[in-house]
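Quick notes on the structure that follows.
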Amino acid sequence: MELKSEQALIERWGGKTEPLLSIVCLTYNHASFIRKTLESFLRQETDFPFEVIVHDDASTDTTAAIVADYAARYPSIIKPIYQTQNQFSLGVPFSTRLFARAAGKYIAYCEGDDYWTDPSKLQQQVDFLERHRDYVITYHDAFMFNSKGIIQSPQLTGKLRKDATALELMQGRPISTLTVCFRNLIQELPPELLGVEVLDICWWSLLGAYGKGKFMAEISPAAYRVHEGGIFSMRSSKQRIHMAMHAHYCLARYYHRIGHNALYEYFLIQVFGECLSLVSPFSKLQALSTIAQDISLNLLRRLTPRLARS
């Protein structure tokens, strides 16, 4: 499908330019991928205006120049932010800050190395949210691929291929982040969540306070790219567990502060399980043996006085 000019897009929107939806795109050293990403946004067939906020995190390749070229061609739609110092390395959660800058009623999220395949994606998601006020987020499927081809399809399996209750969202239910479209309700993070790397878990949890999640199987899967520069995809399984554990611990602290004991306990249990998964099988056996010995000694201490009296 040929890429439309900015004027053609505005004409399709009836001359309107005030965005109903904001696409948030974080990019860093994605020179080989960012064109495909941006064009997958511009190929969206909507009857409403949207904007594209592209945050370049001080790329050291030509990513910023490529973004600037598209911004020059689509000045009313593509709104770039260029950092001179890498914010991710400083621990700044800039993605959530972009939600506060977004003019749209809705947010769609996709990083600069991924892309969308369905030109009707945004229209379907916004139409659903406009009709169903009790839902706060919509999402669909994705496939994972690398330079050799598809490595996992679908990304969501089993029970994840269905709607999410508000409670499931609050529990940080896994969702394919590059597929989401949600109400623009989270514009700052609670202090407990500052410094969390896997922020999407926190977003879903906070959004769950406002409604349910809709899985839209009819939307074609988005493309999640696995490559050496990927912030999360190329981490080892142990590193991913550490990142998730930190997010769950921070969420436990947040829910403890606001007095939501059920979620506080839920996330503490998640942290405990993740701690166990990081321990080697031999160490687990040693720990269980030590616990069993302690229990046995405590029982003997309690029984010994009774046996002496008898």
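Select from the stretch 156-174 the residues that are in a loop (DSSP other than H, G, I, E, B) and closer than 14 Å to Asp141 by Cα and list them in ascending order.
To start, the set of residues in the stretch 156-174 that are in a loop (DSSP other than H, G, I, E, B) comprises 156-157, 161-163, 165, 171-174.
Passing the criteria: Leu156, Thr157, Arg161, Lys162, Asp163, Pro174.
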* Mind checking which residues of the stretch 39-52 are of a type in the set (A, V, I, L, M, F, W, C) and free of Cβ contacts under 8 Å to residues at least 60 places away in the same chain? -> Leu42, Val52
* To do: Name the single residue, out of those in the stretch 38-54 being outside any loop (DSSP other than H, G, I, E, B) and touching a Phe, Trp or Tyr at 6+ places or on another chain (Cβ under 6 Å), that is nearest to Ile77 (Cα to Cα).
  => Val52
* **Test set (1) under 30 Å from Arg257 (Cβ atoms); (2) surrounded by fewer than 17 Cβ atoms within 10 Å (Cβ to Cβ) - Lys212 fails condition number** => (2)
* Starting from residues that are in contact with an Asp or Glu (Cβ under 9 Å, 6 or more places away or on another chain) and touching a residue at least 60 places away in the same chain (Cβ under 8 Å), keep the ones in the stretch 127-171 and report whichever is farthest from Leu206 (Cα to Cα). => Ser153
* Asked: Just wondering, is there one or more residues in the stretch 75-90 that are over 29 Å from Glu192 (Cα atoms) and touching a Ser or Thr at 6+ places or on another chain (Cβ under 7 Å)?
  -> yes
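I'd like to verify a number: residues in the stretch 21-37 that are without any contact (Cβ under 8 Å) to a residue 60 or more places away in the chain and either touching a strand residue (DSSP E or B) at 6+ places or on another chain (Cβ under 7 Å) or not in a loop (DSSP other than H, G, I, E, B) (or both), how many? Give the steps one after another, and end with the answer.
To start, the set of residues in the stretch 21-37 that are without any contact (Cβ under 8 Å) to a residue 60 or more places away in the chain comprises 31-32, 35.
Applying the additional criterion that residues be either touching a strand residue (DSSP E or B) at 6+ places or on another chain (Cβ under 7 Å) or not in a loop (DSSP other than H, G, I, E, B) (or both) yields 35.
Here the count works out to 1.
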* **Lone qualifier among Ile53, Ile34 - being closer than 19 Å to Tyr115 by Cα and either crowded, with 22+ Cβ neighbours inside 10 Å or acidic (Asp, Glu) (or both)** => Ile34
* Asked: Which condition number in (1) crowded, with 18+ Cβ neighbours inside 10 Å; (2) under 25 Å from Asp113 (Cα atoms) is the one that Tyr254 fails?
  -> (2)
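Quick note: the coordinates plus some simple rules give every number you see, no bench work behind them. Because the structure is a prediction, the values reported are computed rather than measured. Positions of Cβ are generated from backbone atoms using ideal geometry, with glycine treated the same way; all protein chains shown enter the neighbour counts.
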